[in-house]
1. Hey, can you tell me all the residues within the stretch 1-17 that are in a loop (DSSP other than H, G, I, E, B) and touching a helix residue (DSSP H, G or I) at 6+ places or on another chain (Cβ under 7 Å)?
2. Just to be sure I understand, how many residues within the stretch 18-43 are outside any helix (DSSP H, G or I) and under 14 Å from T70 (Cα atoms)?
3. Go through the stretch 41-77 and report how many residues are in contact (Cβ under 8 Å) with a residue 40 or more places away in the chain and exposed (fewer than 14 other Cβ atoms within 10 Å of the Cβ).
Amino acid sequence: MALRTRHDVMPYATGIETTQITRASRLISSITGFQVQPNKAIVGANAFAHESGIHQDGMLKDSSTYEIMTPASVGLTASNLVMGKHSAAPPSSRNWTNSATASATTPSRTRSSASRTWRT
């Protein structure tokens with residue numbers, strides 16, 4: 001991903017289809033039986049999750065502020081704004097879902113069942 005995100009500094013190509021990275025990681029995890037750590041860069045459950053109020057504000061205004069690559073570039077659908085102790089008030093209550101009802105295709109990126117996730 002460094003070659004893709006910093007193409008201005010490293011003008012090289014690999015031919016790797018980066019949108020398959022998450023899918024490949026999940027396949028390897030299921031074959032080996034080893035779970036991917038939540039804080040693992042790029043493919044971990046928290047890779048595109050933001051809890052801090054200042055990060056959430058930046059993400060709502062311009063997602064490139066805190067994400068050098070898009071979730072779609074690695075095969076995910078969206079980032080998550082996680083409501084937790086470091087968050088501010090939610091911008092709109094209609095966009096919030098309980099983590100227990102989160103989509104099966106987009107795993108919850110929360111630490112407790114009492115947390116709420118806001119999908120961007």
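Taken together, the values in this text are just the output of simple stated rules run on the coordinates, not laboratory data. This is a predicted model, so every value here is computed, not measured. No Cβ is skipped: glycine too gets one built from the backbone with ideal geometry, and neighbour counts run over all protein chains shown.
1. Of everything in the stretch 1-17, those that are in a loop (DSSP other than H, G, I, E, B) and touching a helix residue (DSSP H, G or I) at 6+ places or on another chain (Cβ under 7 Å) turn out to be M1, M10, Y12, T14.
2. We begin by selecting, within the stretch 18-43, every residue outside any helix (DSSP H, G or I); these are 33-43.
Within this subset, residues satisfying the condition of being under 14 Å from T70 (Cα atoms) are 41-43.
Qualifying residue count for the region: 3.
3. Counting residues in the stretch 41-77 that are in contact (Cβ under 8 Å) with a residue 40 or more places away in the chain and exposed (fewer than 14 other Cβ atoms within 10 Å of the Cβ) gives 2.
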